[in-house]
Structures are given as structure tokens and as C-alpha cells.
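Read-outs: derived from the displayed coordinates by stated rules, not from any lab. Note that the structure is predicted; figures quoted are calculated from it, not measured. Cβ sites come from the backbone with ideal geometry, for glycine too, and all protein chains shown count toward neighbours.
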Amino acid sequence: MYTAWIEKAEILAQDFFKDDASGHDLFHTMRVRSQAVSIAQEEGADVLLCELAALLHDVSDEKFHHTQSSGKEYLQQWMIAQDIPPAERNKLNYIVESVSFKGGSGQVPETLEAGVVQDADRLDAIGAVGIARCFMYAGSHGSPMHDPEQRPRYNLTEQEYRDNSASAVTHFYEKLLTLKDTMNTPSGKKRAEKRHERLENFLDEFYSEWNGNS
């Protein structure tokens, strides 16, 4: 059954994200899917459950819906239409709800599969691709590339995290540079180390060029 659901979820993702220009496009979903499958295999998690959850992880996010509840209802109705049993829907809902960063106030996953998919999603927010996505997201929301006068806000509320007032560079400090230490699995931690280093190297080069020193 999982194979059929995965095929349907892939079709859903292709349609849902076809016009996205914020860095949460289909390619993001597919990278998270690939990472989740790879980490699940390494960690002994339920690979198919992780794959399906990865494909669905962004479709209920409130940034794509009017409210958080309408996003959840959208995913719920889709799962019901695919004849996914209640027990499996509960597993998927838990994983999807565990993925979001939400200003650092998100849940610490209580299941291996939720930890795997959360790691996969957060890995795509750091490293070279994460840097590109950060600036893409800022541009799509009218946020500046960098504001030297802006200071990072820590311990953000969910509302503060969603307000899009931070520059792309400030977002590094408010989120991206914190993700390495939130990884759940040994595989996720190992992959995050190298990607985190790329963030730090990029910032060194960025400030050097911004200040006209290189």
C-alpha cells in the first residue's frame, strides 16, 4: 500500500509546488525525500513511512494556507481520499507536525521516523543549497539581503519567526547556524557538520566582500 500512496504523494507535490519561488519548491521536497530515505536506511527506521512523510511534509504548512488549521485539514482530507487508515494517518500527522522549525519552538521528535524526516528537512536548510534557499526566500518576501544595523533575535516566538522582517544574513543567526545542534540521528549529525562549516565559510567571505576587503 505504501508504494501506491508514495506515487500519489509525488503527484500531489508536483502539482502543489509547481509555482513556488520561495525555496520550498518541488526540488526541495525531492531532496528531503532522498535524504530521509538515505538516513532511514542508515538508522533502521521505517523507510517507506519516512519517504511518504517527506513528500507530504510541506503541503500542510500554514505558509501555504490561510491558517494552520486549514493546512492540517487539507492534508487530512487528502489522506482520507487515498484510503490511508487512521493509524497510518496519525503516524504521518505526527511526523509532519514535528518537522517545522517554528522559530526554534518546534517539537523534539519522539519517534525515530519523525527525527529522520526532521533531520532531512533541516539538512536542506544548511550548506550550499541552504544558502541559496535562504536568499531565494528573502527575495521572494521582499526582505533585504543584508542590513548591517539589524541584530539577530534569539528565542523567537512562532509569530516573530513568521514575520519575514529579518534580512537573509540575519536569518543565518536566527535559524541556520542553530540547526547543526538540533539534529536527532547520528547520520543527521554527521551530515550537518560539513554543511554547517559551509555556512561559516560563506559568512566569512560575504563580510569580507561586503566591507570591500577582498
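Give the peptides 110-118, 172-180 in descending order of average Cβ contacts within 10 Å, highest first.
On the way: 110-118: 23.2, 172-180: 19.9.
Peptide ranking by packing, descending: 110-118, 172-180.
Taking every alpha-carbon pair under 8 Å whose residues sit at least 6 apart, the chain reaches a relative contact order of 20 percent.
How large is the dipole of the chain about the Cα centre if only Lys and Arg carry +1 and Asp and Glu carry -1, each at its Cβ, rounded to the nearest 20 debye?
Working: 22 positive and 35 negative charges, 39 e Å.
The calculated dipole for the chain is roughly 180 debye.
Taking 0.36 nm per residue of sequence separation and subtracting the Cα-Cα distance, how much length would be gained by fully extending the chain between Ile80 and Ser165, in nm to one decimal? Display every interim value, and only then the final one.
Details: separation 85, 0.36 × 85 = 30.60 nm, distance 3.73 nm.
Additional length available on full extension: 26.9 nm.
Convex hull volume of the C-alpha atoms in the range 2-210, normalised per residue: 111 Å³.
On a per residue basis, the convex hull of the C-alpha atoms belonging to the range 46-101 measures out at 76 Å³.
Using a ≥ b ≥ c from the Cα gyration tensor of the range 1-122 (square roots of the eigenvalues), is it rounded, prolate or oblate, where a/c under 1.5 gives rounded and otherwise the larger of a/b and b/c decides, a/b for prolate? Rounded, since a/c falls under 1.5. Hey, which lysines would be in cross-link range of Lys63, C-alpha to C-alpha under 19 Å, not counting anything within fewer than 8 residues on its own chain? Straight-distance partners of Lys63: Lys18, Lys72, Lys102, Lys175. Running a GNM on the chain with Cα contacts under 10 Å, which residue among Thr185, Thr67, Thr29 ends up with the highest mean-square fluctuation? Its mean-square fluctuation being the largest, the pick is Thr67. Which of these, Gly23, Gly142, Gly188, has the largest mean-square fluctuation under a Gaussian network model of the chain (Cα springs below 10 Å)? Comparing Gly23, Gly142, Gly188 in the GNM, the peak value goes to Gly142.
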